Amino acid sequence: MSQPSEAREAVGDYKAGWHDPENSTIRFDFGLSEQVVRDISELKSEPEWMTEMRLKAYRHFVDRPMPNWGNTEILEDIDFDNVCYFLRSSDQTGESWEDVPEDIRNTFERLGIPEAEQKWLSGVTAQYESETVYHSIREDLEKQGVIFLDMDSGLREYEDIVKRYFGTVIPFSDNKFSALNTAVWSGGSFIYVPKGVSVEMPVQAYFRINAKNMGQFERTLIIADEGSSIHYVEGCTAPTYSTDSLHSAVVELIALPGAHIRYTTVQNWSNNVYNLVTKRGVAHEDSKIEWVDGNIGSKLTMKYPAVILKGEGSHAEVISVAYAGAGQHQDAGAKVHHLASNTTSNILSKSISKDGGRGSYRGMAKIMPKAENCRMNIVCDALILDEGSRSDTYPTMEVGNASAHCEHEASVSKVGDEQLFYLMSRGHTEAEALGMIVNGFFEPFTKELPMEYAVELNKLMALEMEGSIG
Amino acid sequence: MSGEKPILAISNLHVGIEGTEILKGIDITIPSGEIHAIMGRNGSGKTTAANVIMGHPSYDIEDGDVQLSGESILDLEPWERSRSGVFLSFQYPQAVPGLQVGNFLRKSVSSVRGDDAAKGAAFREDLKNAMSKLNIPSSFLSRYVNDGFSGGEKKRFEILQMMLLKPRLAVLDETDSGLDIDGIRTVAEGINEVVRGTENGALIITHYSRILEHVQPDRIHVMIGGKIVASGGPGLASLLEENGYDWLEERVAEGDVFE
């Protein structure tokens, strides 16, 4: 593996920017075609219905124009012919870290995954390039019938459940990137929590891209059966390269009556990764879906975690933060559709832009005419750290029922000289002071994270603040 | 020891902001262990003096010097001054939403007094004592710095920080304004505790004499129009209280000296 010191030098402040030598066992040529789609499916010995779905999705992807909203300029820059759509780096999914190839194991150790697993997680999957290289779940959960697998294994071992739910929340035709993901998906998590089972400690998936010009298309499906609960945490990083990589995931959540799903993301891709992700959950009666979504890295993120409040009394919570530094555009937000009566939703979005970065909030909140007594609360705050940086909000609210109670607040603020002076007068350098202000601004998000993640995020932001102050 | 040199020596200090001169040559010397006060009306330059001592970046130092125990601090950044022992209790403390008081206090003590001072039972004990003296409930620690604080809470929080940071020189800018009589007494006790019987010093900036009754400053300086027009013992505060600044200005114009 490359020497840490060299890697550190090459990547500046981004601490996860090193890369391993590429030791693939299977690597597809660059570019996408019907054959590539067939090859992926064949390699995985998939049932025919999946191959068919992939092919339909591929055709839809080809026909579907690029979105004409968001950052169209950067989107048009994506060179789909210069992406590797499948790369296998280990012939097996290890159930012990000993079984994971050494380079890869070292990478996950540097990222602190095995340590976190021992301390505070119920289960872990680690995906490297296209596939999961490590997987474990605590025995007691397995005994209670909890299924936590990578998606490929999920399809092999629980085809009935997968077939019943896959693509029902996000059909491939939803958007260009959900079509792309459905065509070439590989890896991701498959989770089923049986009725009444509460998984107390979070399960975690970690996604690592290592190769240059890599495309990672994980597919995640979480089904929480009646009255069950689960907290899923995902993290992601990639090496810093001068060429771009593409990450386009699809995540579907199904919360059956009375279930509770919390899905936490701390996205810290290197700044050469396009992060174009579709995330959506369906909430049945009296269930609750929470997206806790942090976007720190990537070149362009376009991601709007969504909840369809389908069952009466269901609740949606979307808390998202975005940090846009030099050369970054974080186009993030939330989407909530109130289809049923007595449903409630809270959206809290916070963005920081710095060094010319751009943070956008894009939201869609809808109350259908037949949904009575719904409540919806949206708060968007932006913090702009310097002159050249930018923040925009694109909120859309459609309220079709007069009994609805809706609130929307938005604020844009700048860091004041007096605020900095105050903190500096207490012995804190300018960078430390800025770090305190920024971490304070993110606090409503950070306090929702598992402690270990919160500490990491605070350190990460403090480091970002040190970068530019001379 | 620092006892030899005055804790604070301001000499011939001229300060401007955006081309306008605000301080027009002031001299104040505070020997170790003493508390001085600057009194003056709004706009006389008192807050400017406080900000300049702490190193506010908006001001231009046109002439003169500010020394802490014989060393000029004008080239130091605010955090360096803080770490050298200067503390400013702000007239308008700034809110930092999301930054928890307890966390902030620990970080500040660690920055100013070193990591060891912010660790373990000694720190917790220190914190508990200071909070109980200031009548601050422990629930305060989980609130966000100055966010939604009442005027009185803000001022008490400034004094709490002062007591924990243990500065050599405490500058208190209008710390008494917005406090009721109990609050003033509490704050005064805090100041006395930090300075009396030590080699530290304090500079209290106020336009009322009320707080001075509780602190009993060693010396009072009256500032008018960016200059110290009179300096004297504690009696000067009561003279001012009785007769007002106009009277004092006239007397000074007539050549009276208040010693």
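Of the listed requirements (1) outside any helix (DSSP H, G or I); (2) in contact with a Phe, Trp or Tyr (Cβ under 9 Å, 6 or more places away or on another chain); (3) within 8 Å of chain A (Cβ to nearest Cβ), B:Val112 misses just one: (1). Checking each residue in the range B:115-143 for being of a type in the set (A, V, I, L, M) and either on the phi > 0 side of the Ramachandran plot or part of a helix (DSSP H, G or I) (or both) picks out B:Ala117, B:Ala118, B:Ala121, B:Ala122, B:Leu127, B:Ala130, B:Met131, B:Leu141.
Quick one: would you say B:Gly190 is touching a helix residue (DSSP H, G or I) at 6+ places or on another chain (Cβ under 7 Å) and away from every other protein chain (no Cβ under 13 Å)?
Judged against the criteria, B:Gly190 is a match.
Per the conditions (1) open to solvent by less than 20 Å² (accessible area, probe 1.4 Å); (2) within 13 Å of chain B (Cβ to nearest Cβ); (3) more than 24 Å from the chain's Cα centre (by Cα), the sole criterion not satisfied by A:Glu432 is (1).
The conditions of being modelled with pLDDT of 95 or more, open to solvent by 30 Å² or more (accessible area, probe 1.4 Å), away from chain B (no Cβ under 14 Å) and over 19 Å from A:Ile319 (Cβ atoms) are not met by A:Glu464. Scanning the range B:104-139 for residues that are closer than 26 Å to A:Lys350 by Cα and at pLDDT below 95 returns no hits. Restricting attention to the range A:272-298, report how many residues are in contact with a Gly (Cβ under 6 Å, 6 or more places away or on another chain) and either among the aromatic types (Phe, Trp, Tyr) or open to solvent by 10 Å² or more (accessible area, probe 1.4 Å) (or both). Here the count works out to 3. Close Cβ contacts (under 7 Å, 6 or more residues apart or on different chains) running from residues in the range A:183-200 that are part of a loop (DSSP other than H, G, I, E, B) to residues that are modelled with pLDDT under 95 and among the hydroxyl-bearing types (Ser, Thr, Tyr) comprise A:Ser186/A:Ser130; A:Gly187/A:Ser130; A:Gly187/A:Thr132; A:Val199/A:Ser122. Looking at A:Pro305, A:Pro257, A:Pro239, just one residue is open to solvent by 10 Å² or more (accessible area, probe 1.4 Å) and on the phi < 0 side of the Ramachandran plot, and that residue is A:Pro257. When the residues of the range A:309-350 are filtered to those that are among the hydroxyl-bearing types (Ser, Thr, Tyr) and more than 16 Å from the chain's Cα centre (by Cα), the one that is most open to solvent (accessible area, probe 1.4 Å) is A:Thr344. I'm trying to understand the selection: among the residues of the range A:378-429, which are among the small types (Gly, Ala, Ser), open to solvent by 50 Å² or more (accessible area, probe 1.4 Å) and modelled with pLDDT of 95 or more? Result: A:Ala402, single match.
Whenever a residue of the range B:75-97 is facing chain A (nearest Cβ under 7 Å), its partners that are of a type in the set (Phe, Trp, Tyr), lying with C-beta atoms within less than 6 angstrom and at least six residues away or across chains, give the pairs B:Gln94/A:Tyr422; B:Pro97/B:Tyr144.
A:Tyr453 meets the conditions (1) within 21 Å of A:Gly359 (Cα to Cα); (2) open to solvent by less than 60 Å² (accessible area, probe 1.4 Å) in every case but one. The failed one is (1).
Scanning the range A:176-192 finds one or more residues that are open to solvent by less than 10 Å² (accessible area, probe 1.4 Å), more than 24 Å from A:Val124 (Cα to Cα) and among the hydroxyl-bearing types (Ser, Thr, Tyr).
A:His135 - would you say it is at pLDDT below 95 and surrounded by fewer than 23 Cβ atoms within 10 Å (Cβ to Cβ)? Spelling it out, A:His135 is indeed at pLDDT below 95 and surrounded by fewer than 23 Cβ atoms within 10 Å (Cβ to Cβ). Within the range B:168-186, the residues that satisfy the criterion of being farther than 12 Å from B:His36 by Cβ and in contact with a strand residue (DSSP E or B) (Cβ under 8 Å, 6 or more places away or on another chain) are B:Arg168, B:Asp173, B:Glu174, B:Thr175, B:Asp176, B:Ser177. Just give me the residues in the range A:435-461 being at the interface with another protein chain (Cβ under 10 Å from one of its Cβ atoms), more than 16 Å from B:Asn146 (Cβ to Cβ) and β-branched (Val, Ile, Thr), in sequence order. Residues satisfying the conditions are A:Val438, A:Thr446. The set of residues from the range B:18-43 being under 21 Å from B:Gly70 (Cα atoms) and not aliphatic (A, V, I, L, M) comprises B:Gly25, B:Asp27, B:Thr29, B:Pro31, B:Ser32, B:Gly33, B:Glu34, B:His36.
Please work out which residue is nearest to the other protein chains (Cβ to nearest Cβ), limiting yourself to the range A:398-429 and to residues that are over 30 Å from B:Gly85 (Cβ atoms) and in contact with a Lys or Arg (Cβ under 6 Å, 6 or more places away or on another chain). Applying the filter and picking the extreme gives A:His405. Residue pairs whose Cβ atoms lie under 7 Å apart, sitting 6 or more positions apart in sequence or on different chains, and linking a residue in the range A:52-70 that is over 24 Å from A:Asp331 (Cβ atoms) and of a type outside the set (Ser, Thr, Tyr) to a partner that is open to solvent by less than 40 Å² (accessible area, probe 1.4 Å) and not in a helix (DSSP H, G or I), are A:Met53/A:Gly167. Residue pairs whose Cβ atoms lie under 6 Å apart, separated by 6 or more positions or on different chains, with the first residue in the range A:72-84 and outside any loop (DSSP other than H, G, I, E, B) and the second aliphatic (A, V, I, L, M) and open to solvent by less than 40 Å² (accessible area, probe 1.4 Å), are A:Ile74/A:Leu300; A:Leu75/A:Met66; A:Phe80/A:Leu32; A:Cys84/A:Met214.
Residues in the range B:201-259 that are touching a Lys or Arg at 6+ places or on another chain (Cβ under 9 Å) and among the small types (Gly, Ala, Ser): B:Gly201, B:Gly225, B:Gly226, B:Ala230, B:Ser231, B:Gly232, B:Gly233.
Taking the criterion of being free of Cβ contacts under 8 Å to residues at least 24 places away in the same chain and part of a strand (DSSP E or B), the only residue of the range B:187-237 that qualifies is B:Val229. Residue pairs whose Cβ atoms lie under 6 Å apart, separated by 6 or more positions or on different chains, with the first residue in the range A:310-326 and closer than 15 Å to A:Gly227 by Cα and the second at pLDDT 95 or above and assigned to a strand (DSSP E or B), are A:Ser314/A:Ala283; A:His315/A:Lys288; A:His315/A:Thr344.
The values are calculated or read from the model by the stated rules, or taken from the named source; none is laboratory data. From a predicted model like this one, the values you see are computed outputs, not experimental measurements. Glycine also receives a Cβ, built like all others from the backbone with ideal geometry; neighbour counts cover every protein chain displayed. Each accessible area value is taken on the protein alone, full model and side chains, heavy atoms only, with ligands, DNA and RNA left out. Shrake-Rupley method; radii C 1.70, N 1.55, O 1.52, S 1.80 Å.
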